[in-house]
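Here the structure is laid out as structure tokens; the discussion comes afterwards.
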Amino acid sequence: MIVMCLRLTVIGLVLGATNVTVSWAGDSDRDRPSSARPFHIGEQFTYEISWMNIKAGTAVMSVTAVTEVNPPLVKLVTTAQSRPAITKFFPVDNRVESILNPETWLPEHLTFRRREGKKKEDMEYTFYQKEGTVIEVKGGSTQTLPILPHTQDAISCLYYVRSELTPKPGWSLTMNVHHDTKNYKLDVLVEKVETIRGAWGELETVRVLVIMPFQGIFLNQGNIRVWFTNDARRIPLRMKAKVVIGSLVADLVTGLPAPSRDR
């Protein structure tokens, strides 16, 4: 069952997006209130992925700038790799890149390079938000499909929620996301504010439930919970999803700054 559980891209495919425009705030906006900029170019987080208390792999989320175009775009990158002991039986080496328009905070392009066991698959999505379509390239075939207004992809959605999250139990969002030829509406609900312990010590977090209407990039069998820091940066400290047997847990191990008092 390890083969079924090592879908390690748990970081990105968590949330969707709503019909709200969010402006990008990068290095040139450092004087803006931190609440308006929960993340920034150069940010990088590393997560340890475990399954049934077995260290299965590592995932990394990073934010960079695409400066070759004018105006510059934003690139969100998520990678996932299996640990050496697991690689002997089932190697995983995945990479997902999402290119965003910083004015609309909507995706323009996403690539997914999947290497899992003997499976090698490359997928590409080009979003045309104004036209309401997406061009998907997968397995040598190309198709144009309709998308919902303000649709996000599997990576950009998480960053959007960090911007909009309100740390109040009962707060919710209904969101649009496009995944694997289909459009979905995702519901996100703040369950509670609680303190959790990890490599970061003890921190107060906002626990969010993501109601998943589809299986996802990894074989989750139900909803996902995410614990965000209850401060201005809304850093995802922990993510947890049920799989065929047990659960996958992603815990932040590097990239957490000193605790902030800006609440």
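The values are calculated or read from the model by the stated rules, or taken from the named source; none is laboratory data. Just so you know, these numbers come straight off a predicted model, no measurement behind them. Neighbour counts are summed over all protein chains in view; Cβ atoms, including those assigned to glycine, are modelled from backbone coordinates with ideal geometry.
There is at least one residue in the range 162-170 that is modelled with pLDDT of 90 or more and of a type in the set (Ser, Thr, Tyr).
Mind telling me which of the residues 245, 211, 224 ends up being modelled with pLDDT under 95, farther than 22 Å from residue 42 by Cβ, surrounded by 18 or more Cβ atoms within 10 Å (Cβ to Cβ) and of a type outside the set (S, T, N, Q)? On inspection, the qualifying residue turns out to be 224.
For (1) more than 27 Å from residue 139 (Cα to Cα); (2) surrounded by fewer than 22 Cβ atoms within 10 Å (Cβ to Cβ), each residue gets a yes or a no:
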position	(1), (2)
63	yes, yes
67	yes, yes
71	yes, yes
77	no, yes
84	yes, yes
97	no, yes
104	yes, yes
124	no, yes
127	no, no
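The set of residues in the range 102-138 being closer than 28 Å to residue 56 by Cα and of a type in the set (Gly, Ala, Ser) consists of 117 alone.
If you check 57, 117 for being in contact with a helix residue (DSSP H, G or I) (Cβ under 9 Å, 6 or more places away or on another chain), farther than 30 Å from residue 166 by Cα and at pLDDT 90 or above, only one passes: 57. Scanning the range 61-73 for residues that are without any contact (Cβ under 8 Å) to a residue 24 or more places away in the chain and of a type in the set (A, V, I, L, M, F, W, C) yields one hit, 69. Using the structure shown, decide if residue 161 is in contact (Cβ under 8 Å) with a residue 60 or more places away in the chain, out of contact with any helix residue (DSSP H, G or I) (no Cβ under 9 Å at 6 or more places or on another chain), surrounded by 16 or more Cβ atoms within 10 Å (Cβ to Cβ) and within 23 Å of residue 62 (Cβ to Cβ). Yes: the conditions hold for residue 161.
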